[in-house]
1. Among (1) surrounded by fewer than 19 Cβ atoms within 10 Å (Cβ to Cβ); (2) on the phi < 0 side of the Ramachandran plot; (3) among the charged types (D, E, K, R), where does D178 come up short?
2. Take T128 and decide whether it is among the polar types (S, T, N, Q) and surrounded by 14 or more Cβ atoms within 10 Å (Cβ to Cβ).
3. Evaluate the range 164-176: report whether one residue or more is touching a Gly at 6+ places or on another chain (Cβ under 8 Å) and more than 22 Å from G54 (Cα to Cα).
4. Given the condition part of a strand (DSSP E or B), farther than 21 Å from L72 by Cβ and touching a Leu at 6+ places or on another chain (Cβ under 7 Å), answer yes or no: does some residue in the range 145-167 qualify?
5. Filter the range 71-86 down to the residues that are open to solvent by 50 Å² or more (accessible area, probe 1.4 Å) and either part of a strand (DSSP E or B) or in contact (Cβ under 8 Å) with a residue 60 or more places away in the chain (or both) and list them by number.
6. How many of the residues making up the range 101-141 are among the polar types (S, T, N, Q), assigned to a strand (DSSP E or B) and at pLDDT 95 or above?
Amino acid sequence: NKLVTGIVLTGTVLALAQPAHAQYGQYGSYGQYGTKGVQPGQNILIDKLVAEPGTTSGKGGDASGIYKDNLLVTDKRFSPGDTAVFKILVKNVSNVSLKNIVVKDYVPAYAEPTVGPGNYDKNTRIITYTIAELKPNEENVQYVKLLINGQATLPTDQGIIKLVNNVDVRAENASDSDSSQFFTEKQPVGIT
């Protein structure tokens, strides 16, 4: 009886020990290649992607970056003071035009926006912008750059800090949301 209990508990611990992304494939819940799929009955789609550190030029060449839905802790990490570049894709996946589309981008702690569309409210930490109209199957792509805080303002009890950038879109009777996670790693100081 003790042996059976030990096997059941070991199996439970192993199941719980899997990384969160393991249940969804290599790049999270949106499939093998990290692109978000359209759900049945969905009218609008928003996809938030983060560029791997060092893959964008920063001079209008943001489209040339290597973008993923999420960066894992094992991927290259941003350093304090780096700029993280995000791509926000909004697509009308319905068969009618959608108007007055409102996108809200929720800026994570320890980062400040430097470039992007719309207006930034420092109190709520939300970037808001509007897309006047998207025809059926039309898409709108915007880029947002976030400057990661300097080392002195990052948590003192963490060497690697996980940040999550959430975004949502609403238009008439349609809505969707997405997020991108990324990491910043504090640099060692005082080591000789």
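The values are calculated or read from the model by the stated rules, or taken from the named source; none is laboratory data. Note that the structure is a prediction, hence the values are computed from the model and not measured. Ideal geometry is used to build each Cβ from the backbone, glycine not excepted, and the neighbour counts take in all protein chains shown. All accessible areas refer to the heavy atoms of the entire protein, side chains included, with ligands and DNA or RNA removed. Shrake-Rupley method; radii C 1.70, N 1.55, O 1.52, S 1.80 Å.
1. (1)
2. yes
3. Scanning the range 164-176, I find no residue that is touching a Gly at 6+ places or on another chain (Cβ under 8 Å) and more than 22 Å from G54 (Cα to Cα), so the answer is no.
4. Within the range 145-167, not a single residue is part of a strand (DSSP E or B), farther than 21 Å from L72 by Cβ and touching a Leu at 6+ places or on another chain (Cβ under 7 Å).
5. Applying the first criterion (open to solvent by 50 Å² or more (accessible area, probe 1.4 Å)) to the range 71-86 yields 73-74, 76-77, 82-83.
Matches in the range 71-86: V73, R77, D82, T83.
6. Within the range 101-141, residues that are among the polar types (S, T, N, Q), assigned to a strand (DSSP E or B) and at pLDDT 95 or above number 4.
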